[in-house]
Amino acid sequence: MIAEEIVKLENVTKKLGRRLTLEDINFEVKEGEKVCILGPKKSGKTALVEIILGILKPDAGSVSVLGTDPYTNSSPLLGQASVYYEKNSFPLHWRAKQVINFKKQLWGEENSQHIFAALDISNMKNTTVEKLSEEERAKLNLFFALTEKAKLIILDDPWANSLNFDLENIIKNFPHTSFIITSKTPEPVYDIADKIYILHEGKIKKSIAKQDYSSLEKLKSLYSQYAPED
């Protein structure tokens, strides 16, 4: 049985201001695949995520997400796609338990105990968003994004706030969900990704399947080769 195509970008180019942010990007995600976009800061990772979400319109090329162009028709993404951003996105006066209840209203009842345990957020339910630390807010946003009802979950650099959590163990509970995860370093995605795209200076320098890197050291070597530090 051929896996359903969840995301497909062909020859996508995007210029922001005078800077060519993305150039000739070819990228795809199949049903159930865990795909990582690995690249240093300002490599174009967030711009690529925003094109997939339909926030940005590409200057050239085609984009298909869940069977539609997300920029011209975002409705298929509602109820099928979920996203994590580093920045807080909830009213500051809300208590954490209101965010949790809002998630239930959007997605319905789910067994979230494994996510509660992995993120260690149970003790913050009665705290307002305003009084949460940056790390706690990030964990709450991450909890909100992780829903078994979504066909596609996008996590944009979930380790940016130095979060310490076992994403590999969480993802095991989502066998049929497609993931796109961005990261600046290879270590957190080594055991998670089925496929890795190395993005550097707005270009995909290398696409690597899991069988192409036999160890973390091999992956780190490939990363430094195709995305050398400035």
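The values are calculated or read from the model by the stated rules, or taken from the named source; none is laboratory data. A quick note: this is a predicted structure, and the numbers were derived from the prediction, not measured. For neighbour counting, all protein chains shown are included, and Cβ atoms are generated from backbone atoms with ideal geometry for every residue, glycine included. When the accessible area is computed, the model is the full protein with side chains, heavy atoms only, and any ligands, DNA or RNA have been set aside. Shrake-Rupley method; radii C 1.70, N 1.55, O 1.52, S 1.80 Å.
Looking at Leu92, Leu78 in this structure, which one is hydrophobic (A, V, I, L, M, F, W, C), in contact (Cβ under 8 Å) with a residue 12 or more places away in the chain and open to solvent by 70 Å² or more (accessible area, probe 1.4 Å)? Unique residue meeting the criteria: Leu92.
For segment 67-112, the set of residues classified as assigned to a helix (DSSP H, G or I) and more than 25 Å from Glu5 (Cα to Cα) consists of Ala96, Lys97, Gln98, Val99, Ile100, Asn101, Phe102, Lys103, Lys104, Gln105, listed by residue number. Please indicate, with yes or no, whether at least one residue in segment 134-147 is over 19 Å from Ser89 (Cβ atoms) and modelled with pLDDT of 85 or more. Within segment 134-147 (the criterion being over 19 Å from Ser89 (Cβ atoms) and modelled with pLDDT of 85 or more), the answer is no, since none of the residues qualifies. Lys97 meets all of the listed conditions (1) closer than 30 Å to Ser122 by Cα; (2) of a type in the set (D, E, K, R); (3) touching a Gly at 6+ places or on another chain (Cβ under 9 Å) but one, namely (3).
Just for segment 51-73: of the residues that are β-branched (Val, Ile, Thr) and crowded, with 17+ Cβ neighbours inside 10 Å, which one is farthest from Leu16 (Cα to Cα)? That would be Val65. Candidates in segment 13-37 are the residues that are among the aliphatic types (A, V, I, L, M) and either farther than 21 Å from Ala81 by Cα or free of Cβ contacts under 8 Å to residues at least 40 places away in the same chain (or both); of these, the one that is surrounded by the most Cβ atoms within 10 Å (Cβ to Cβ) is Leu22. Every residue in segment 167-196 that is over 25 Å from Lys41 (Cβ atoms), part of a loop (DSSP other than H, G, I, E, B) and open to solvent by 20 Å² or more (accessible area, probe 1.4 Å), please. Hits for segment 167-196 are Lys172, Asn173, Pro175, His176. Across segment 197-215, the qualifying residues are those that are at pLDDT 90 or above and part of a loop (DSSP other than H, G, I, E, B), and the one among them that is farthest from Ile52 (Cα to Cα) is Ser215. Test Ala60 against the criterion of being touching a residue at least 24 places away in the same chain (Cβ under 8 Å), of a type outside the set (D, E, K, R) and in contact with a helix residue (DSSP H, G or I) (Cβ under 6 Å, 6 or more places away or on another chain), and give yes or no. Here the answer is no, as Ala60 does not meet what is asked. If the condition is being touching a Lys or Arg at 6+ places or on another chain (Cβ under 6 Å) and in a loop (DSSP other than H, G, I, E, B), then segment 4-39 contributes only Gly39.
Within segment 113-156, the set of residues being in a loop (DSSP other than H, G, I, E, B), touching a residue at least 12 places away in the same chain (Cβ under 8 Å), open to solvent by 20 Å² or more (accessible area, probe 1.4 Å) and not β-branched (Val, Ile, Thr) comprises Asp120, Lys125, Asn126, Glu148, Lys149, Lys151.
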